[in-house]
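Notes for the one structure printed next.
The values are calculated or read from the model by the stated rules, or taken from the named source; none is laboratory data. Note that the coordinates shown come from a computational prediction; the quantities given were computed from them, not determined experimentally. Here Cβ is always computed from backbone atoms with ideal geometry, including for glycine, and neighbour counts include all displayed protein chains. Heavy atoms of the whole protein, side chains included, go into the accessibility calculation; ligands, DNA and RNA do not. Shrake-Rupley method; radii C 1.70, N 1.55, O 1.52, S 1.80 Å.
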Amino acid sequence: MSVQSAAADVDVDLRQLFASLVRNWLRILVVALVITGLAFALTWLATPHYRAETRLLIETRESVYTRPDGTNDNDKPILDEEGVTSQVEVISSTDILKQVAQKLNLSGLPEFDETADMPVLSRLLVIAGLKSDPNEIPPEERVLTKMREKLNVYRVEKSRVIVIEFSSEDPRLAAEIPNAIADAYISVQGNANIESNSAATDWLAPEIADLSKRVKDAEAKVASYRAQSDLLMGGNNSVLATQQLSELSSELSRVRANRASAEATADSVRRALQNGGSLDAVPEVLSSELIQRLRERQVELKTNIADLSTSLLDNHPRIRALRSQLADLDRQIRNEAEKIMKGLMTQAQTAQARENQLVADVNTLKAASARAGDQQVELDALQREATAQRQLLESYLTRYREASSRKDSNYLPVDARVFSRAVAPSERYFPKILPITGAAFVGSLLVMAIVTLLQELFSGRAMRPAAGARFERIEQVAMPVAHEPSNHEPADIEDVEDRAAEAQAEPEADAAAARPTLGEVEIDKAVEKLITSGAARAIFVSPEGDEAAASAVLVAREVSDAGLRVLLLDLTASGAASRPMLDSGLFPGITNLLASEAQFSDVIHPDLYSDCHVIPVGTADPVRAMRAADRLPIIMQSLTTAYDLVVVECGPADAQGISRLVGEGTEVFLSLLEPDDEVAQAAVELIESGYPDLTLVTPVGHETPGTPIPGRRSAA
């Protein structure tokens with residue numbers, strides 16, 4: 001870590017900081033006790049207030065026995081968060097508060113109407129015009145204003161519970177008023193339901209009469225149209241023509257199937273006869289009883305022939321007779337098959353004729369069904385209209401009967417109930433003497449402790465160099481050795497004073513009204529002058545060079561030890577004033593600030609041997625810094641605002657050189673070691689340039705209490 005970064009950092013000395021609390025404990029305790037006493041007196045004399053609350057639950061109050069038919073709890077919407085919040089506004093509405101105020105006669109109580117028992121002091125203030133006359137406000141408005149100030153209605157979060165909270169000087173009223181507000185709210189809601197129900201019955205009655213007429217007319221139109229269109233209804237609630245068409249279509253399909261089957265069977269028999277094939281494959285042939293008997297006889301003959309063939313030859317007459325019979329049977333079977341074929345062909349022709357007849361009938365019914373369909377569409381529309389009118393009428397009749405019965409029995413439940421009524425409180429909620437007094441004591445202690453700590457921090461007494469910074473021991477500012485006055489020295493001092501007086505006496509100086517205070521050459525007197533005059537700036541000019549800069553350092557430290565916030569600004573070329581206070585010339589300072597390389601917090605450093613703060617020369621390029629010399633008045637104004645006194649060591653500067661540093665509340669000092677012509681000339685030039693109140697100060701012979709006097713050394 002460089003010397004610059006280590007020394008530029010400062011820490012808060014916690015021990016010194018909190019030690020200020022011990023040093024000022026009596027002041028802190030006295031202020032805390034005074035504030036606590038005032039708080040106790042105010043709470044003891046304050047009028048006690050009592051608070052009570054009534055709780056409402058927003059819920060559906062309809063029971064299963066009184067609920068309208070066909071409805072359930074889910075059919076009725078439950079109030080959402082916005083709905084419950086709206087009920088909060090209804091409860092705190094003006095109409096309900098007016099009812100409660102009239103019921104409890106609140107206008108006659110001084111708590112709600114100050115005109116009922118106005119104190120004499122208030123009357124005098126009204127007469128003097130220092131207070132508005134409450135009589136100018138209507139009594140009802142005065143009561144409502146007071147009620148709203150004491151009333152608090154809110155919804156419990158994430159619930160449908162509404163709390164009505166009221167505070168009053170009378171515990172009885174604190175409970176009666178929220179209960180009365182809840183009762184008035186339920187009564188208002190009940191009356192609103194009654195009005196709504198009455199309005200519903202009044203509206204439904206003429207609507208039902210009108211609907212009854214419209215239903216009758218619609219049903220008459222349906223009957224008239226059905227009669228005109230001759231739409232006869234068959235089974236399944238369908239038009240007769242459509243039903244007949246369906247039946248004929250089914251019959252036509254059956255006839256076509258029979259015809260096709262007969263034709264196919266006849267074709268198979270014909271092919272078997274023509275090709276000489278077997279007729280056994282035709283089911284209709286096999287199903288004939290005659291053919292079955294012939295087949296049996298044929299099988300029997302074949303069996304006989306086979307038996308006789310074992311003993312007789314083929315030309316035997318008996319065998320030949322049997323074979324002749326067998327051939328005759330084959331002819332009979334074929335003849336019978338031809339008859340079956342002819343019968344099937346006849347059946348197919350009959351089916352064809354029947355089919356033709358059915359096709360003609362179907363075509364006729366299609367036209368009739370199409371006409372009936374168009375008529376049925378119109379009839380269905382009329383029926384729907386009549387049905388809709390009837391359903392609406394039945395719905396209105398049901399609602400009317402329900403509303404009328406509720407109106408007659410005066411039963412209209414409100415969707416809210418009081419589940420917790422307010423009771424007269426026994427303890428007041430304000431003021432709480434012990435908590436308020438305790439809080440006042442603790443708070444005042446804390447505030448006074450913070451104020452004391454801030455004072456200690458702002459004074460700089462609680463600041464110390466950073467723990468990481470390591471410095472070699474610094475000798476105190478070198479004091480010039482006090483010489484025994486020689487014979488010529490007094491004459492030199494007198495010569496300086498005389499020449500300054502002569503310069504002041506010149507006509508063009510215009511200093512007749514201000515006599516220079518030359519001769520105040522001691523550090524203590526210079527410090528006393530700065531403190532008593534309340535100067536904000538002290539400009540030190542040192543014509544003799546670096547050693548004379550010790551005057552600015554000693555004056556800054558002495559004023560700082562007196563309890564003022566002091567900053568020393570070193571404008572010497574060599575850093576003669578700041579280097580002994582910081583033991584280094586590597587710190588950022590005024591040149592860095594002018595060159596925009598650092599901020600105020602970077603260039604202000606604490607003196608190692610006092611509470612004074614220091615801005616050294618700095619490490620930036622002096623040529624670059626002097627280009628921004630016009631910023632010096634602004635910097636001086638900022639430093640003057642932050643510190644009680646700003647001490648500027650200018651070195652061997654002239655009047656033009658210090659002109660940027662002079663401002664309101666400025667004292668100019670000329671630091672000298674041994675009076676000579678050079679010092680006298682510098683003093684004369686400053687006086688002639690407009691600084692007639694120039695003060696000469698010397699560090700020769702001054703000793704700082706508590707510090708050893710170092711040997712003579714250059715401040716550079």
> So which residues in region 629-660 are basic (K, R) and closer than 21 Å to Y691 by Cβ?
Replying inline: R660
> Is there any pair with a first residue in region 296-319 that is under 15 Å from D330 (Cα atoms) and a second that is open to solvent by less than 90 Å² (accessible area, probe 1.4 Å) whose Cβ atoms are under 7 Å apart and which are 6 or more apart or on different chains, and what are they?
Replying inline: R297/L329; Q298/L326; Q298/L329; L301/L322; L301/Q325; L301/L326; L301/L329; K302/L326
> Got at least one residue in region 180-188 being in contact (Cβ under 8 Å) with a residue 12 or more places away in the chain and touching a Phe, Trp or Tyr at 6+ places or on another chain (Cβ under 8 Å)?
Replying inline: yes
>> If I ask for residues that are open to solvent by less than 60 Å² (accessible area, probe 1.4 Å) and not in a helix (DSSP H, G or I), which ones from region 95-110 would you list?
In response: L109
> So, in region 145-187, of the ones that are open to solvent by 40 Å² or more (accessible area, probe 1.4 Å) and hydrophobic (A, V, I, L, M, F, W, C), which residue ends up farthest from L104 (Cα to Cα)?
Replying inline: V156
> Of the residues G585, G563, which is assigned to a loop (DSSP other than H, G, I, E, B), more than 30 Å from E678 (Cβ to Cβ) and open to solvent by 20 Å² or more (accessible area, probe 1.4 Å)?
Replying inline: G563
>> Out of S560, S574, I need the residue that is of a type outside the set (D, E), touching a residue at least 12 places away in the same chain (Cβ under 8 Å), touching a strand residue (DSSP E or B) at 6+ places or on another chain (Cβ under 7 Å) and more than 20 Å from Y691 (Cβ to Cβ). Which one?
In response: S560
> Within region 336-370, how many residues are closer than 22 Å to A264 by Cα, open to solvent by 80 Å² or more (accessible area, probe 1.4 Å) and not hydroxyl-bearing (S, T, Y)?
Replying inline: 7
> If we keep just the residues of region 391-418 that are touching a residue at least 40 places away in the same chain (Cβ under 8 Å) and open to solvent by 90 Å² or more (accessible area, probe 1.4 Å), which is nearest to K213 (Cα to Cα)?
Replying inline: R399
> How do the pairs read when you match residues in region 421-437 that are in contact (Cβ under 8 Å) with a residue 24 or more places away in the chain with residues anywhere that are among the β-branched types (V, I, T) and crowded, with 17+ Cβ neighbours inside 10 Å, using Cβ under 7 Å and keeping only pairs 6 or more apart or on different chains?
Replying inline: R421/T54; A422/T54; P431/T43; I433/T43; I436/T43; T437/T36; T437/T43
> Considering only residues of region 306-317 that are assigned to a helix (DSSP H, G or I) and at pLDDT below 80, which is surrounded by the most Cβ atoms within 10 Å (Cβ to Cβ)?
Replying inline: L308
> Does region 228-244 contain at least one residue that is assigned to a helix (DSSP H, G or I), closer than 26 Å to L365 by Cβ, among the hydrophobic types (A, V, I, L, M, F, W, C) and modelled with pLDDT under 70?
Replying inline: yes
>> Residues that are closer than 30 Å to S426 by Cβ and surrounded by 13 or more Cβ atoms within 10 Å (Cβ to Cβ): does region 15-27 have at least one?
In response: no
>> Can you tell me which condition R537 does not meet? The list is (1) within 22 Å of S659 (Cβ to Cβ); (2) surrounded by fewer than 22 Cβ atoms within 10 Å (Cβ to Cβ), and all the others hold.
In response: (2)
> How many residues are closer than 26 Å to R320 by Cβ, at pLDDT 70 or above and crowded, with 18+ Cβ neighbours inside 10 Å when one looks only at region 267-297?
Replying inline: 2
>> When you scan region 58-73, do you find a residue that is part of a helix (DSSP H, G or I) and at pLDDT below 85, even just one?
In response: yes
> If you take the residues in region 643-666 that are surrounded by fewer than 21 Cβ atoms within 10 Å (Cβ to Cβ) and among the acidic types (D, E), which one is nearest to the chain's Cα centre (by Cα)?
Replying inline: D644
> If you go through region 594-604 one residue at a time, do you hit one that is open to solvent by 10 Å² or more (accessible area, probe 1.4 Å), assigned to a loop (DSSP other than H, G, I, E, B), in contact (Cβ under 8 Å) with a residue 40 or more places away in the chain and of a type in the set (A, V, I, L, M, F, W, C)?
Replying inline: no
> Does V617 count as assigned to a loop (DSSP other than H, G, I, E, B) and crowded, with 21+ Cβ neighbours inside 10 Å?
Replying inline: yes
> Which residues, counting only those in region 540-552, are open to solvent by less than 20 Å² (accessible area, probe 1.4 Å) and part of a helix (DSSP H, G or I)?
Replying inline: A548, A549, A550, S551, A552
> Listed residues A370, A388; which is out of contact with any helix residue (DSSP H, G or I) (no Cβ under 8 Å at 6 or more places or on another chain), assigned to a helix (DSSP H, G or I) and modelled with pLDDT of 80 or more?
Replying inline: A388
> Here is a list of conditions, (1) hydrophobic (A, V, I, L, M, F, W, C); (2) under 16 Å from V566 (Cβ atoms); (3) buried (at least 22 other Cβ atoms within 10 Å of the Cβ), and L639 meets all of them except one; can you say which number that is?
Replying inline: (3)
>> For the condition more than 25 Å from N592 (Cα to Cα), assigned to a helix (DSSP H, G or I), of a type in the set (A, V, I, L, M) and open to solvent by less than 20 Å² (accessible area, probe 1.4 Å), what is the one hit in A625, A680?
In response: A680
> Where residues in region 188-211 are open to solvent by 50 Å² or more (accessible area, probe 1.4 Å) and more than 30 Å from L97 (Cα to Cα), which of them is nearest to the chain's Cα centre (by Cα)?
Replying inline: W203
> So is A8 within 44 Å of the chain's Cα centre (by Cα), at pLDDT below 90 and open to solvent by less than 60 Å² (accessible area, probe 1.4 Å) or not?
Replying inline: no
